[in-house]
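FYI, it's all coordinate maths here, none of it is from the lab. Every value quoted in this text rests on a predicted model; they were computed, and no experiment measured them. Positions of Cβ are backbone-derived with ideal geometry, glycine not excepted, and every protein chain shown enters the neighbour counts.
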Amino acid sequence: MEALDLLTGISRLICNAIEGVDGCGITLLYEGVPLTTAFPAELAALDDEFQRTAGDGPCVEALWSQSVVECRDLSEELRWGAYPAAALGCGMRSVLSVPVDARAAGHGALNLYSRTAAGFDDDDRREALEFADVTATVLAERRKDDASGMARGWRESLARRTAVAQAVGVLMARRACGRDEAFELLVGASRERGEEIHLTAARIGAGSAGS
């Protein structure tokens with residue numbers, strides 16, 4: 001199994017295992033760049049695009065500080081610049097980010113999203129920390145056993161991020177709008193097509209899809 005598929009599978013498992021979690025992303029550093037995979041897919045794009053451009057967000061804070069970061073209500077959040085509005089645009093209301101120490105695979109963060117305010121209780125936080133430990137162990141072993149496969153996965157994730165960033169730029173120019181609105185348009189187009197956001201982004205970047 002490729003690294004990207006492995007992380008997506010873990011994200012999906014966590015969504016199903018922790019009550020109240022509506023989305024999950026796993027971010028790891030690859031050659032100094034934070035890259036995210038998630039379920040559902042638009043949350044991976046959210047973590048990558050907005051935290052890359054703003055250099056801030058709960059995932060980035062948890063990753064670099066290796067401490068738990070939580071926002072109980074994104075509609076009242078004053079941290080992280082444009083990130084809260086973007087997460088709200090994806091239908092999320094609260095977020096919990098916990099650190100992942102994957103040793104040889106690098107530091108990272110496990111990001112949990114809820115569609116409700118104050119979506120996480122003490123049991124959820126405990127389970128999130130347990131899953132972060134399991135994720136770290138799996139990734140460290142995977143890195144040791146198949147370094148080339150991990151690298152291919154990160155390169156694929158980076159290519160998806162690039163497609164999203166390019167599509168956002170195209171929509172900003174096409175609609176004369178800001179980055180937040182352009183990203184929301186991209187998410188909406190992806191949902192309408194029923195496809196992963198990077199595929200919609202590639203169509204927009206190639207001039208074959210509109211929004």
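For the chain, modelled as a GNM whose springs connect Cα atoms under 10 angstrom apart, the maximal fluctuation among CYS71, CYS24, CYS177 occurs at CYS177.
For every other residue with a beta carbon closer than 15 angstrom to the beta carbon of ASP122, add +1 if it is Lys or Arg and -1 if Asp or Glu, then tell me the sum.
Working: positive: ARG72, ARG125, ARG126; negative: GLU19, GLU70, ASP121, ASP123, ASP124, GLU127, GLU130.
Result for the local shell: -4.
Each peptide among 185-191, 25-31, 64-70 gets the average number of other Cβ atoms lying within 10 Å of its residues, and from highest to lowest they stand as 25-31, 185-191, 64-70. Annotation note: trypsin sites (Lys or Arg not before Pro) in segment 5-74 located in DSSP loop regions with a Cβ neighbour count of at most 16 within 10 Å are ARG72.
Here the simple spin-label model places points 7 Å from the Cα toward Cβ, and for ALA173 and ASN16 these points are separated by 4.3 nm. Could you pull out which residues in segment 12-53 have an amide N less than 16 Å from a spot 7 Å beyond the Cα of ASP123, following the Cα-Cβ vector? Of the residues in segment 12-53, 15-22 have backbone N under 16 Å from the label point off ASP123.
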